[in-house]
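J.: Please find one structure pasted underneath; my questions will follow.
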Amino acid sequence: LSSLAVRRALKAPSPFSLANPRAGAPFVPVTINGAASEAMLDTASGSSIVLMPSLVARRPQWVRGDRFVARAAGAGGAVGVAGFGLVGAHVESVDALGVRFTDIRGALAIIDPMPHERSDAIIGTRLLSHLRLTFDYAGEKVWAEVK
């Protein structure tokens, strides 16, 4: 059982918010390469982990070069990262939801400033797929079981 912060600012637009009025973006405490941080859980992201510009500014040694290897897809505008350039990142371990992930493949980073950055990182399905997650948005809790 882990605590979960739910940010309503990223709430899905109608009609999705009508189906789940308590929905929002789920954030959990994490440790990345030994450093305490906060990450958004993104069950629609196919990545393992994406480091956001604020974390990159504090830990520039985790970035591998400045050449874009991809562009972020998904939601754009004020809530998403679509269109931002992604560079490779060096992530050895991620501790999240009571699990230590050490086989981190495809870690990425956004190095360009973002107007509405809300977390240090985004954890995607390459890591989350190893877990069975149960969300209690009203109680701001998440249960994670290793599959």
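J.: Report Rg/Rh for the range 78-147, rounded to two decimals, where Rg is the Cα radius of gyration and Rh the Kirkwood radius.
T.: 0.99
J.: Amide H of residue 111: which non-local residues (sequence gap of 5 or more, or other chain) have their own amide H closer than 5 Å, using H built in the peptide plane?
T.: Those lying under 5 Å, H to H, from residue 111 are 87.
J.: Check which residues have an amide H placed less than 5 Å from residue 47's amide H, if you skip close sequence neighbours.
T.: 125, 126
J.: Let me know the charge dipole size of the range 27-147 about its Cα centre in debye, to the nearest 20, where only the beta-carbon of Lys, Arg (+1) and Asp, Glu (-1) is charged.
T.: 300
J.: Along the charge dipole of the range 29-147, which of 130, 115, 30 sits closest to the positive end, that is, farthest toward it, with unit charges on the beta carbon of Lys, Arg, Asp and Glu (+1, +1, -1, -1)?
T.: So the residue furthest toward the plus end is 130.
J.: Another question, then. I need the phi-derived Karplus couplings for the range 100-113: 6.51 cos²θ - 1.76 cosθ + 1.60, θ = phi - 60°, integer Hz, Gly and Pro marked x.
T.: Rounded to whole hertz, the list is 9, 9, 10, 9, 8, 10, x, 5, 10, 9, 9, 9, 7, x.
J.: Which residues' amide hydrogens lie under 5 Å from the amide hydrogen of residue 92, considering only partners 5 or more residues apart or on another chain, with H built in the peptide plane?
T.: Sorted by chain and number, the residues that satisfy this are 33.
Read the figures in this text as sums done on the coordinates, not as results from a lab. If you're wondering where the values come from, they're calculated on a predicted model, not measured in any experiment. As a convention, Cβ positions derive from the backbone with ideal geometry for all residues, glycine included, and neighbour counts pool all protein chains shown.
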